[in-house]
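The values are calculated or read from the model by the stated rules, or taken from the named source; none is laboratory data. Nothing here was measured: the structure is a model prediction, and the numbers come from that model. Backbone-built Cβ (ideal geometry, glycine too); neighbour counts: all protein chains shown.
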Amino acid sequence: MPRFTTITVFAITLALWWLASRSGWVSAFLLPAPATVAETLGELIASGELLRHTLVSLRRVALGYVLAIAFAVPLALLFVLSRRLRDMFEPLLEFLRQIPPLALMPLLMLWLGIGETQKVGIIILSCFFPIFLGVRGGFDSVDRKLIDVGTVCGFSRSQVMLRIVLPSALPAIVVGLRIGLGYSWRALVGAELIASSAGLGYMIVDAENLARTDIVLAGILVIGVLGLLADHLLRLAIRRSAPWLAGDLEMARA
Amino acid sequence: MLELSGIGRRYRVGAEDVIALADVDIAFPSGSLTTLVGRSGCGKTTLLRILAGLEQPSEGEIRRSDGRPARIGVVFQEARLMPWLDVSANVGFGLRGRVPRATAQERCAAAIGLVGLSAFAAAMPAQLSGGMAQRVAIARALVQEPDLLLLDEPFAALDAFTRRAMQNELVAIWQRRRPTIVFVTHDVEEAVLLGERALEMQAGRIVGREEIALPYPRDPTDPDVNLHRRRILARLMATPAPVPD
């Protein structure tokens with residue numbers, strides 16, 4: 001979408017928000033005015049509080065996301081390589097996939113305590129399946145006809161893997177990585193909801209307890225902006241390293 | 001000389017064996033241009049895949065008189081280009097790591113020029129028409145400088161004008177370099193226009209053979225071309241088509 005249109009849509013949303021709070025359609029307590037939220041945001045930045053919470057959240061998201069990749073990619077590759085393993089464990093994984101990670105929170109608290117492990121664990125669970133399914137689906141969907149081309153060229157198995165299978169699987173892997181990144185941000189607030197003393201999710205929940213909807217909104221805005229930035233950086237990295245995937249990236253809007 | 005003797009290919013479908021090829025005995029003299037013609041599903045593509053080494057025969061053997069493995073180039077029914085590579089990289093796909101980079105670039109440029117796509121060397125496959133993509137696939141096969149060039153209905157998706165031009169181009173390349181060519185088609189006219197001989201296939205067997213000693217380039221309206229065409233058609237029509245179970 002052209003940048004001008006994007007900016008216009010954001011501007012209209014902001015104008016509607018301003019109008020709703022200014023005209024009194026919605027109580028200022030429930031929906032503080034944009035100026036109030038901006039002022040609060042300024043205070044949070046000046047006091048260093050926002051940076052502290054943001055760094056804690058960023059660390060959790062980064063750790064959870066990287067660990068999810070570290071678990072999901074090898075497991076997906078094992079499933080691709082071993083039909084038997086896949087037949088054995090796929091039903092169990094499908095069962096687990098249906099369970100929202102937040103529903104596991106009470107159990108995770110019992111098993112992992114209320115420290116960082118439990119919070120990072122929630123993020124891992126949230127982004128594991130999109131990444132796992134992306135990698136597995138990518139390798140599964142490689143066109144056999146392209147592999148024939150490699151065979152005719154006299155490629156070895158490793159050459160077929162590196163020069164045909166991997167680049168063919170990359171679009172689906174990229175889609176999985178991008179959706180996974182989005183899910184990790186979504187899981188963040190849930191992970192920081194309970195027994196937390198820092199992080200953007202904590203900041204939001206704490207503000208709600210103090211009836212400070214301006215801080216709640218400031219926190220939500222920051223999470224949205226950080227999510228967008230992370231997504232943008234991932235897209236930029238992919239565009240640089242694999243420009244032919246530009247079309248597939250657009251499919252990955254989760 | 002490439003000789004096939006007693007080649008058969010069976011597939012297991014459910015509890016039954018389906019015979020795709022049976023008792024195929026053919027010899028392809030070095031530097032010959034042979035067309036394989038027959039209805040869809042008669043086993044032409046299976047035979048070509050066996051020649052390309054993409055499938056193993058269930059029985060029979062393939063021998064080369066000189067004993068050394070052939071450099072094989074294959075053009076499939078679809079272009080099968082790597083979508084992440086540009087035209088030049090697609091053409092040189094099988095050369096990387098085998099010949100020096102400068103030689104590879106030179107050969108790629110020559111092959112791309114041969115199929116008339118020099119202006120599109122940097123284009124991505126998604127930017128090409130079906131006909132252009134197929135020409136890239138032909139260049140990819142030619143750049144290998146193959147001893148054995150296998151083509152599986154490569155012009156089926158092209159418009160009549162491009163097809164005619166590509167047929168002439170293929171004959172010109174064959175006359176210049178003399179690889180052994182096996183060209184699969186279901187179009188009897190194409191089989192006559194291109195082949196020194198046309199082998200007729202029906203239900204997995206070679207059922208006829210037509211020697212076509214006409215000069216190139218051949219004209220579809222030439223009465224002699226029509227005569228060969230009528231003879232092949234008469235034989236293929238006389239053999240009953242297999243009835244699907």
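Among A:Leu146, A:Leu170, A:Leu125, which is more than 24 Å from A:Ala230 (Cβ to Cβ), in a helix (DSSP H, G or I) and not polar (S, T, N, Q)? Step through it out loud before you land on a result.
Numbers: A:Leu170 fails: more than 24 Å from A:Ala230 (Cβ to Cβ); A:Leu125 fails: more than 24 Å from A:Ala230 (Cβ to Cβ).
Being more than 24 Å from A:Ala230 (Cβ to Cβ), in a helix (DSSP H, G or I) and not polar (S, T, N, Q) holds for just one of A:Leu146, A:Leu170, A:Leu125, which is A:Leu146.
Results for (1) farther than 30 Å from B:Met124 by Cβ; (2) touching a Phe, Trp or Tyr at 6+ places or on another chain (Cβ under 9 Å); (3) of a type in the set (Val, Ile, Thr); (4) in contact (Cβ under 8 Å) with a residue 40 or more places away in the chain, shown as yes or no for each residue.
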{"site": "B:Asp23", "(1), (2), (3), (4)": "yes, no, no, yes"}
{"site": "B:Ser30", "(1), (2), (3), (4)": "yes, no, no, yes"}
{"site": "B:Thr34", "(1), (2), (3), (4)": "yes, yes, yes, yes"}
{"site": "B:Ser40", "(1), (2), (3), (4)": "yes, no, no, yes"}
{"site": "B:Ala52", "(1), (2), (3), (4)": "no, no, no, yes"}
{"site": "B:Gln56", "(1), (2), (3), (4)": "yes, no, no, no"}
{"site": "B:Phe76", "(1), (2), (3), (4)": "no, no, no, yes"}
{"site": "B:Met82", "(1), (2), (3), (4)": "no, yes, no, yes"}
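Results for (1) in a loop (DSSP other than H, G, I, E, B); (2) closer than 16 Å to B:Phe28 by Cα; (3) assigned by TED's automatic domain parsing to the domain that holds B:Ser5, shown as yes or no for each residue.
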site	(1), (2), (3)
B:Ile173	no, no, yes
B:Arg176	no, no, yes
B:Phe183	no, yes, yes
B:Leu193	no, no, yes
B:Ala198	no, yes, yes
B:Pro220	yes, no, yes
B:Arg230	no, no, yes
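Per-residue answers, yes or no, for (1) under 30 Å from A:Val56 (Cβ atoms); (2) of a type in the set (A, V, I, L, M); (3) without any contact (Cβ under 8 Å) to a residue 40 or more places away in the chain:
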position: A:Leu92; (1), (2), (3): no, yes, yes
position: A:Ala103; (1), (2), (3): yes, yes, yes
position: A:Met109; (1), (2), (3): yes, yes, no
position: A:Ile114; (1), (2), (3): yes, yes, no
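Test of understanding: among B:Ala79, B:Ala119, B:Ala123, which residue is modelled with pLDDT of 90 or more, assigned to a helix (DSSP H, G or I) and of a type outside the set (D, E, K, R)? Give the derivation first.
Numbers: B:Ala79 fails: assigned to a helix (DSSP H, G or I); B:Ala123 fails: assigned to a helix (DSSP H, G or I).
Answer to the selection: B:Ala119.
Residue under question is B:Arg107, and the condition is that it be in a helix (DSSP H, G or I) and in the same structural domain as B:Leu47 (by TED's automatic domain parsing); does it hold? First the steps, then the outcome.
Values: in a helix (DSSP H, G or I): yes; in the same structural domain as B:Leu47 (by TED's automatic domain parsing): no.
No; evaluated as a whole, the condition is false for this residue.
Answer yes if at least one residue in the range B:139-157 is free of Cβ contacts under 8 Å to residues at least 40 places away in the same chain, more than 20 Å from B:Arg49 (Cα to Cα) and under 20 Å from the mean Cα position of the chain (by Cα), and no otherwise.
Restricting attention to the range B:139-157, the residues satisfying the condition of being free of Cβ contacts under 8 Å to residues at least 40 places away in the same chain are B:155.
Of the ones still in play, those that are also more than 20 Å from B:Arg49 (Cα to Cα) are none.
The answer is no, given that none of the residues of the range B:139-157 is free of Cβ contacts under 8 Å to residues at least 40 places away in the same chain, more than 20 Å from B:Arg49 (Cα to Cα) and under 20 Å from the mean Cα position of the chain (by Cα).
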Within the range B:69-83, is even one residue more than 10 Å from every other protein chain (Cβ to nearest Cβ) and surrounded by fewer than 16 Cβ atoms within 10 Å (Cβ to Cβ)?
no
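Does B:Ser32 qualify as being surrounded by fewer than 18 Cβ atoms within 10 Å (Cβ to Cβ), within 28 Å of B:Ala234 (Cα to Cα) and of a type in the set (S, T, N, Q)?
Details: surrounded by fewer than 18 Cβ atoms within 10 Å (Cβ to Cβ): no; within 28 Å of B:Ala234 (Cα to Cα): yes; of a type in the set (S, T, N, Q): yes.
In short, no.
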Could you check B:Gly73 against (1) over 15 Å from the mean Cα position of the chain (by Cα); (2) of a type in the set (Gly, Ala, Ser); (3) not in a loop (DSSP other than H, G, I, E, B); (4) not assigned by TED's automatic domain parsing to the domain that holds B:Gln134 and say which number it fails?
(1)
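Would you confirm whether or not the range A:147-166 contains a residue that is under 30 Å from B:Glu145 (Cβ atoms) and in contact (Cβ under 8 Å) with a residue 24 or more places away in the chain?
Of the range A:147-166, the ones under 30 Å from B:Glu145 (Cβ atoms) are A:147-166.
When the remaining residues are screened for being in contact (Cβ under 8 Å) with a residue 24 or more places away in the chain, the result is A:165.
Scanning the range A:147-166 turns up at least one residue that is under 30 Å from B:Glu145 (Cβ atoms) and in contact (Cβ under 8 Å) with a residue 24 or more places away in the chain.
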Filter the range B:1-11 for residues that are modelled with pLDDT of 85 or more and not acidic (Asp, Glu) and give the result.
B:Leu2, B:Leu4, B:Ser5, B:Gly6, B:Ile7, B:Gly8, B:Arg9, B:Arg10, B:Tyr11
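Could we say that B:Ala89 is within 14 Å of chain A (Cβ to nearest Cβ) and over 30 Å from B:Ile7 (Cβ atoms) here? Step through it out loud before you land on a result.
On the way: within 14 Å of chain A (Cβ to nearest Cβ): yes; over 30 Å from B:Ile7 (Cβ atoms): yes.
Criteria met by B:Ala89.
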Test for B:Asp152: is it within 13 Å of chain A (Cβ to nearest Cβ) and acidic (Asp, Glu):
yes
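Listed here are the residues, each with its yes/no results for (1) modelled with pLDDT of 90 or more; (2) farther than 18 Å from B:Pro146 by Cβ; (3) in contact with a Pro (Cβ under 8 Å, 6 or more places away or on another chain).
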{"position": "B:Leu33", "(1), (2), (3)": "yes, no, no"}
{"position": "B:Thr45", "(1), (2), (3)": "yes, yes, no"}
{"position": "B:Leu48", "(1), (2), (3)": "yes, no, no"}
{"position": "B:Gln56", "(1), (2), (3)": "yes, yes, no"}
{"position": "B:Arg63", "(1), (2), (3)": "no, yes, no"}
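State yes or no: is A:Ala195 assigned to a loop (DSSP other than H, G, I, E, B), more than 12 Å from chain B (Cβ to nearest Cβ) and out of contact with any Phe, Trp or Tyr (no Cβ under 7 Å at 6 or more places or on another chain)? So that I can check it myself, show each step before the final result.
Values: assigned to a loop (DSSP other than H, G, I, E, B): yes; more than 12 Å from chain B (Cβ to nearest Cβ): yes; out of contact with any Phe, Trp or Tyr (no Cβ under 7 Å at 6 or more places or on another chain): yes.
Yes.
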Across the range B:92-116, what is the number of residues that are more than 9 Å from chain A (Cβ to nearest Cβ), of a type in the set (Gly, Ala, Ser) and surrounded by 18 or more Cβ atoms within 10 Å (Cβ to Cβ)?
3
Which one is modelled with the lowest pLDDT among residues in the range B:145-166 that are acidic (Asp, Glu) and surrounded by fewer than 18 Cβ atoms within 10 Å (Cβ to Cβ)?
B:Asp159
